[in-house]
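Here's the structure, in structure tokens; my notes come after.
The values are calculated or read from the model by the stated rules, or taken from the named source; none is laboratory data. These figures come from a predicted structure and were not determined experimentally. Positions of Cβ are generated from backbone atoms using ideal geometry, with glycine treated the same way; all protein chains shown enter the neighbour counts. For the accessible areas, the whole protein counts, side chains as well, though only heavy atoms, and no ligand, DNA or RNA atoms are used. Shrake-Rupley method; radii C 1.70, N 1.55, O 1.52, S 1.80 Å.
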Amino acid sequence: MSKLHVTALINGDEVEFLCEPDQTLLSVLRDELNLTGTKEGCGSGDCGACSVTVGERVFCSCLMLAVEAEGKEIRTIEGMAEGDKLHPLQQCFLEQAALQCGFCTPGFLVAAKNLLDRNPDPTESEVRYWLAGNLCRCTGYDKIVRAVLDTAKEIRQADGS
Amino acid sequence: MQFANPDTVESAVNLLATAKGESYVLAGGTDLIVQMQAGLKSPDLIVDIKNIEEMTSITADNGGYRIGAAVCGAEIFEHAGLKADWPGVVEAIDLIGSMQVQSRATPAGNLCNASPAADSVPAMIAADAKATIAGPNGRRTVSVLDIPTGPGANSLAAGELIVSIQLPARKLRSGDAYLRFIPRTEMDIAVVGVAVNLSVDEKGICTDARVGLGAVAPTALLVEEAGSALVGTEVDDAALETAAEAVRAVCRPIDDKRGTAEYRIEIAGTLLIRTAKIALQRATG
Ligand SMILES: Cc1cc2nc3c(=O)[nH]c(=O)nc-3n(C[C@@H](O)[C@@H](O)[C@H](O)COP(=O)(O)OP(=O)(O)OC[C@H]3O[C@@H](n4cnc5c(N)ncnc54)[C@H](O)[C@@H]3O)c2cc1C
Ligand code: FES
Ligand code: FES
């Protein structure tokens, strides 16, 4: 089977890779590009640990073929902080301990950032529905939801001032 | 396996029609890629349709809408016109999976995958939606109802694919709604799904009604008897009870971990009543 050549914009950098036609984007990110912040929980779209954004939307990278990434703009958890400066969501997750084992955290952060980019002032129930595709077996979700709502408020205040 | 992403419907048809071995259309991949990962499908060819302009847009069509087969649920949910005219269809599509799934999954894929519990299908049946199919012999238009033929099976011939789904023009004083019953509040498979689409006249008398029913038979059903039970009435309690009995009468569910057959039949009637009330409120409100 001959490999396919793909060029995509990943976290702002033009990246070229070779992949099998049936290889998932998740597998390329982790195994070929060493971007192991994106996690594999289930491999079937149920857990959200593999969340990345493609263009303006949040996807499960386990349910996308790597070859579909051609010409697309992809963002993973590695592209969230600016250098050493954490994104406000990352900072807030840390400060409020919105994680325990941390396995689900990259997926939650990517999905939550996508929500706040689209809706800077979500209600609690909008946050819960938006994150319904991200599973966490440790936190009981409450701290995660609080952290997202608090970050949203913080970003709104910073933008307003 | 080979991967192709043609930019015209004709070349997609050509690829599918001349392919040897197993070939599949790829829309959002939320069924296909899961099935590949599970080893249930091993394609020799995948034809991605997301590069085909005709299939990636929502357009006005004879007073109604034409939804390209590659348009994902999230985009449909963001379409103000569709939401205003067909809230039941839009809410059924919106129930499919998480945000991550919504960013990919298409109603055409939901239909072709032919799960008996597919949420968008009863709503599209109630709406009398049509599918435009392209194949080696040209194009044809069929009722959405005629696409699924059994669990995981559909009526498309080799080399055929769905190009778009059409929702008809909205009549005055019409409304539709979809409700499903699941044991959780999000991210689960329907135990029963009911869609109602109805119109009333100036006096509030129902002039036509279509009822779609999911998850209680090998394919989603159109329950004509339930629709006729509402026509000519004010959609009052007596009419709703008759329609609920008509729905229960056609249920042929299985027992599984989500519910026994007996339970599903009971719930189906109850859901019909609740769904019809929402549709009526939308038609008159
Ligand atoms: C986590 C998760 C949760 C889910 N929850 C729900 C739910 O609550 N309710 C529900 O109904 N479904 C649910 N689903 C399934 C749902 O996402 C799919 O049925 C989806 O709608 C299929 O669309 P797709 O575009 O992803 O199709 P694909 O996976 O791309 O295709 C599905 C099948 O249809 C064929 N096909 C696709 N498009 C065409 C076309 N235009 N012409 C001909 N054949 C075509 C493909 O070859 C394939 O066999 C869920 C899935 C996941 C992963
Ligand atoms: S690994 Fe992709 S959703 Fe679980
Ligand atoms: S912190 Fe452990 S799974 Fe979420």
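Defining a contact as two alpha carbons under 8 Å apart and six or more residues distant in sequence, what relative contact order in percent does the range B:171-285 show? Walk me through the numbers on the way to the answer.
Working: 246 pairs, mean separation 36.4, N = 115.
Here the relative contact order equals 32 percent.
Could you let me know the centre-to-centre spacing of the range B:5-52 and the range B:173-196, using Cα atoms, in angstrom?
30 Å
Report, ordered by chain and residue number, the aspartates and glutamates lying within cross-link reach of residue A:3, taken as a straight Cα distance under 18 Å and ignoring same-chain residues fewer than 8 apart.
A:16, A:20, A:22, A:31, A:32, A:68, A:70, B:44, B:48
Show me, for the range B:27-34, the HN-Hα J-couplings you get by feeding each phi into the Karplus relation (A = 6.51, B = -1.76, C = 1.60, θ = phi - 60°), rounded to Hz, glycine and proline as x.
The phi angles translate into 9, x, x, 6, 9, 4, 5, 4 Hz.
So what is the diffusion coefficient of chain A in µm² per second by Stokes-Einstein at 10 °C and 1.306 mPa s, using a Kirkwood Rh over Cα pairs?
Working: Rh = 16.1 Å.
Calculated translational D: 99 µm²/s.
DSSP loop (so not H, G, I, E, B), at most 13 other Cβ within 10 Å: list which GluC sites (Glu not before Pro) in the range B:65-148 pass both filters. Walk me through the numbers on the way to the answer.
Working: sites: B:75, B:78, B:91; in loops: B:78.
Taking the range B:65-148 and a limit of 13 other Cβ atoms within 10 Å, the loop GluC sites (Glu not before Pro) found are B:78.
Using Cα-Cα distances under 8 Å and only pairs 6 or more residues apart, what relative contact order does chain B have, in percent? Kindly include the intermediate steps, with their values, before the conclusion.
Numbers: 686 pairs, mean separation 46.5, N = 285.
Relative contact order comes out at 16 percent.
Kirkwood Rh over Cα pairs of the protein assembly as shown into Stokes-Einstein at 10 °C, 1.306 mPa s: D in µm²/s?
Working: Rh = 23.0 Å.
Roughly 69 µm²/s, to the nearest whole number.
Give me the inter-chain shielding for B:31-44: mean count of other chain Cβ atoms within 10 Å, whole number please.
Working: counts 2, 2, 11, 8, 1, 4, 8, 2, 0, 0, 0, 1, 2, 0.
The mean count of partner-chain Cβ atoms within 10 Å per residue comes to 3.
Write down the Å³ per residue value for the convex hull defined by the alpha carbon atoms of the range A:88-159. Provide the component values of the computation, followed by the final result.
Details: hull volume 5.2 nm³, N = 72.
Expressed per residue, the convex hull around the Cα atoms of the range A:88-159 is 73 Å³.
Quick one: which residues, 5 or more positions from residue B:58 or on another chain, have an amide H under 5 Å from its amide H? H modelled 1.01 Å from N in the peptide plane, none for Pro or chain starts.
Amide H neighbours of residue B:58: B:68.
Can you figure out the FRET efficiency of residue B:149 with residue B:60, using R₀ = 45 Å and their beta-carbon distance, to the nearest 0.05?
Values: r = 31 Å, r/R0 = 0.69.
Here the calculated transfer efficiency is 0.90.
Which lysines have a Cα lying under 23 Å from the Cα of residue B:171, excluding residues fewer than 8 positions away in the same chain?
Reachable lysines: B:83, B:130, B:203, B:277.
Of A:3, B:171, B:50, which has the most accessible area and how do the rest follow, probe 1.4 Å? Could the numbers behind the result be given before it?
Numbers: A:3 100, B:171 120, B:50 70 Å².
Reading off the accessible areas and sorting them downward yields B:171, A:3, B:50.
What FRET efficiency would be calculated for the residue pair residue A:3, residue A:153, taking the C-beta separation as r and a Förster radius of 56 Å, to the nearest 0.05?
With R0 = 56 Å, the Cβ-Cβ based efficiency is 0.75.
Averaging the inverse of every distinct alpha carbon separation and then flipping it gives the Kirkwood radius. What is it for chain B, in angstrom units? Before the final figure, lay out each step's value.
Values: mean 1/r = 0.0524 Å⁻¹.
After inverting the pairwise mean of 1/r, the radius is 19.1 Å.
Tell me, which residues of the range B:87-109 get at least 40 Å² less accessible area when the other protein chains come in, versus the chain alone (1.4 Å probe)?
Residues of the range B:87-109 that lose at least 40 Å² of accessible area once the other chains are added: B:99, B:100, B:103, B:104.
Hey, can you rank B:18-30, A:43-55, A:13-25, B:130-142 by average C-beta count inside 10 Å, highest first? Walk me through the numbers on the way to the answer.
Details: B:18-30: 19.2, A:43-55: 22.8, A:13-25: 17.3, B:130-142: 15.7.
Listed from highest to lowest mean packing, they are A:43-55, B:18-30, A:13-25, B:130-142.
Order A:130, B:86 by their accessible area, 1.4 angstrom probe, all chains in place, largest first. If you can, show how the numbers build up before the last one.
On the way: A:130 40, B:86 5 Å².
My answer, sorted largest first, is A:130, B:86.
Quick check on chain B: helices-only [θ] at 222 nm, where DSSP H runs of length 4 and up contribute -39,500 (n - 2.57) each and the sum goes over total residues. Nearest 500, please. Please report the intermediate quantities before stating the final value.
Values: 11 runs with 98 residues, N = 285.
My calculation for chain B gives -9500 deg cm²/dmol from helical runs alone.
Within 10 Å of each Cβ in peptide A:56-62, how many partner chain Cβ atoms are there on average? Round it to a whole number, please. Show your work: numbers first, answer last.
On the way: counts 2, 8, 7, 8, 11, 1, 4.
For peptide A:56-62, the averaged partner shielding equals 6.
Where a Cα-Cα gap under 19 Å defines reach, which lysines qualify for residue A:39, not counting those fewer than 8 residues away within the same chain?
Cα-Cα hits under 19 Å: A:113.
Heavy atoms only, probe 1.4 Å: what % of the accessible area of the protein assembly as shown goes to carbon and sulfur, would you let me know? Working shown, then result.
Numbers: 9540 of 19270 Å².
Carbon and sulfur: 49 percent of the exposed surface of the protein assembly as shown.
Taking the solvent-accessible surface of protein heavy atoms with a 1.4 Å probe, what is the per residue accessible area of the protein assembly as shown in Å²? Before the final figure, lay out the partial values.
On the way: 19270 Å² over 446 residues.
Per-residue accessible area for the protein assembly as shown comes out at 43 Å².
What percent antiparallel are the DSSP beta bridges of chain B, to the nearest 5? Intermediate values should be presented prior to the final figure.
Working: 40 of 47 bridges.
Among the beta bridges of chain B, antiparallel pairing accounts for roughly 85 percent.
Give, as ranges by residue number, the residues of the range B:6-37 whose backbone N falls under 14 Å from the point 7 Å along Cα→Cβ of residue B:141.
none
Please list, in chain and number order, the residues 5+ apart from residue A:24 or on another chain whose amide H is under 5 Å from its amide H, with Hs placed from the backbone.
Placed amide hydrogens put A:66 under 5 Å from residue A:24.
Rounded to the nearest 5, what % of the DSSP beta bridges within the protein assembly as shown are antiparallel ones? Walk me through the intermediate numbers first.
Working: 55 of 64 bridges.
Counting DSSP beta bridges with both partners in the protein assembly as shown, the antiparallel share is about 85 percent.
Using only the alpha carbons of the range A:75-121, what is the convex hull's orientation-averaged projected area in square nanometres?
Taking the Cα atoms of the range A:75-121, their convex hull projects to 3.5 nm² on average.
Ignoring ligands and nucleic acids, what accessible area does residue A:31 show with a 1.4 Å probe (Å², nearest 10)?
Counting only protein heavy atoms, the figure is 110 Å².
Pairs of alpha-carbon atoms within less than 8 angstrom and 6+ residues apart define the contacts here; what relative contact order does the range A:4-79 have, in percent?
40 percent
Taking amide hydrogens as modeled 1.01 Å from N in the peptide plane, which residues meet the under 5 Å criterion relative to residue B:155, leaving out close sequence neighbours?
Under 5 Å from the amide H of residue B:155: B:149.
If you take the beta carbon distance between residue B:172 and residue A:100 as r and set R0 to 45 Å, what does 1/(1 + (r/R0)^6) give as a FRET efficiency, to the nearest 0.05? Mind dumping the intermediate values first?
Values: r = 56 Å, r/R0 = 1.24.
The computed FRET efficiency comes out at 0.20.
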